[in-house]
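The values are calculated or read from the model by the stated rules, or taken from the named source; none is laboratory data. Here the structure is a predicted model, which is why all the values come from computation and not from measurement. Glycine gets a Cβ as well: all are built from the backbone with ideal geometry, and neighbour counts include every protein chain shown.
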Amino acid sequence: MSEIRQPSPRRGTNLPRMGDFNLTVIVDAIRRSRAGLSRVELAKIVGLSPQTISNITRRLLDQNLIYEAGKAGTGPGKPRTILRLNAAGMSAVGVHLDPALTTFVVLDLLGAVVKHSRIKTPAGTDSKAVINTIAGEIKQLISDSGVDPSRIAGLGIASPGPIDLNEGTVVDPPLLLGWDRVPLRDALAEATGLSTIVDKDVTSAAVAETWAGGPSGAGSFIFMYMGTGIGCGIVLNDEVVRGTSGNAGEIGHIMVDPDGDPCDCGLRGCVKSSCIPQVLVAQAVEAGVLAASHQAANGPAIQESFDALCAAATAGDQRAADIIDRSAVLVARAVSTITNALDVDRVVFGGPFWTCLADRYLARIPDLVRESSATRKIHEIEVVGTGVGEDVGAIGAACLVLEHMLAPRSQRLLLEG
């Protein structure tokens with residue numbers, strides 16, 4: 001089995017040392033229980049001795065990461081003290097860099113958004129200018145949030161792939177021209193003074209679903225990320241899968257239409273050449289749904305053109321509806337390829353372009369996936385929209401920091417051995 005790498009933070013002193021594997025297991029157990037847990041319940045769930053539970057919870061109380069939320073219990077015996085995560089005990093900043101829009105959030109420890117902002121991603125190929133703009137927005141967001149800067153654990157960046165996890169660089173993303181080997185992690189760490197983690201946008205979205213998505217973020221699922229590009233985040237048995245280099249989920253070259261348009265990979269009818277918003281906008285221009293001025297739309301203009309296409313479909317333009325509905329069929333083929341390979345519980349859709357697609361996609365894709373499922377006689381594959389909302393990329397970026405700090409991982413055991 002290949003190594004599953006984790007993104008490494010760079011610079012800054014804000015990330016506190018969380019300690020051992022047992023501590024993260026306890027934090028994770030408390031986080032997953034909405035009602036909170038007593039020390040006795042924790043001991044049963046995680047299999048540690050009462051003394052170990054007591055020692056670790058004392059440390060967490062001292063660090064203000066948990067609090068005692070009163071007594072609970074009926075019948076004989078002493079009422080038990082319930083422990084819950086302290087939402088204000090730690091915060092994280094997340095940024096989602098999409099070729100069209102850049103979204104910013106400050107999250108609390110429970111994954112709730114404290115402050116949010118969004119800007120059009122600056123046009124052009126000058127990555128330094130974009131990074132400076134992002135850094136300025138981050139500083140303003142933190143100031144506006146009212147969060148104690150000393151409680152900010154770090155900064156997470158969700159970027160289009162491919163990325164180099166070890167170097168924290170973006171490696172020639174197809175829809176961000178001029179961004180080859182841009183040192184995104186180090187540049188933003190330098191500009192903000194925050195410990196910084198960079199990961200793929202699709203992986204970040206999957207992380208967000210596990211932290212803040214509720215029932216849709218449990219078990220094994222794929223996150224179908226609908227943005228300027230289309231990608232796939234993977235979670236198996238509650239663990240995010242990143243792959244050998246951190247670039248799992250690059251699905252742009254799955255063939256979904258053998259008679260479709262040529263792709264730059266040499267094949268025909270790939271996801272990238274058949275389903276992404278830029279392609280659908282071009283089809284809408286050709287069909288007369290949108291004006292010719294939309295033909296060359298890219299960057300922030302793609303969002304506006306795609307919104308216009310979706311609005312036309314909603315308003316009853318059959319040509320627009322046909323374009324969206326056909327893309328749903330093609331996306332369903334890609335989804336079925338992935339779900340059959342991975343045998344997951346569900347498919348979760350989300351991303352910045354998901355909202356205007358949701359109604360038409362959810363009316364068609366579940367049945368198409370069910371019909372193509374190799375395991376349909378064994379278990380159902382649920383198809384749902386994200387439980388996190390349209391800012392799932394930025395929320396996921398902030399959750400990267402929380403995951404790095406608080407999620408139990410096998411690497412911790414190896415380091416402690």
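Side notes on the structure shown:
- Members of the stretch 363-406 found to be more than 15 Å from the chain's Cα centre (by Cα), among the hydrophobic types (A, V, I, L, M, F, W, C) and assigned to a loop (DSSP other than H, G, I, E, B), listed by number: ALA374, ILE378, ILE381
- Residue satisfying all of: in the stretch 202-246; among the polar types (S, T, N, Q) and over 14 Å from the mean Cα position of the chain (by Cα); modelled with the highest pLDDT among these: SER220
- Helices (runs of 4 or more DSSP H) contained in the stretch 261-354 and holding at least 3 residues outside the structural domain of VAL202 (by TED's automatic domain parsing), crowded, with 16+ Cβ neighbours inside 10 Å and of a type in the set (S, T, N, Q): 318-342
- Take the conditions (1) farther than 20 Å from PRO160 by Cβ; (2) touching an Asp or Glu at 6+ places or on another chain (Cβ under 7 Å); ALA308 misses just one of them, which is (2).
- The single condition among (1) free of Cβ contacts under 8 Å to residues at least 40 places away in the same chain; (2) closer than 19 Å to THR103 by Cα that ILE365 does not satisfy is (2).
- Restricted to the stretch 107-118, and to residues there that are outside any loop (DSSP other than H, G, I, E, B) and among the aliphatic types (A, V, I, L, M), the residue that is farthest from the chain's Cα centre (by Cα) is VAL114.
- In the stretch 119-135, the residues that are surrounded by 13 or more Cβ atoms within 10 Å (Cβ to Cβ) and in a helix (DSSP H, G or I): SER127, VAL130, ILE131, ASN132, THR133, ILE134, ALA135
- Every condition in (1) farther than 17 Å from LEU402 by Cβ; (2) crowded, with 18+ Cβ neighbours inside 10 Å holds for ASP20 except the one numbered (2).
- Output for the stretch 362-386, where each listed residue is out of contact with any strand residue (DSSP E or B) (no Cβ under 9 Å at 6 or more places or on another chain) and among the hydroxyl-bearing types (Ser, Thr, Tyr): SER372, SER373, THR375
- ASN64 being closer than 25 Å to LEU194 by Cα, at pLDDT 90 or above, not in a helix (DSSP H, G or I) and not assigned by TED's automatic domain parsing to the domain that holds GLY111: yes
- Residues satisfying the stated conditions in the stretch 231-246, i.e. touching a strand residue (DSSP E or B) at 6+ places or on another chain (Cβ under 8 Å) and hydroxyl-bearing (Ser, Thr, Tyr): SER245
- Residue match in the stretch 135-144 (condition: under 22 Å from the mean Cα position of the chain (by Cα) and modelled with pLDDT under 90): no
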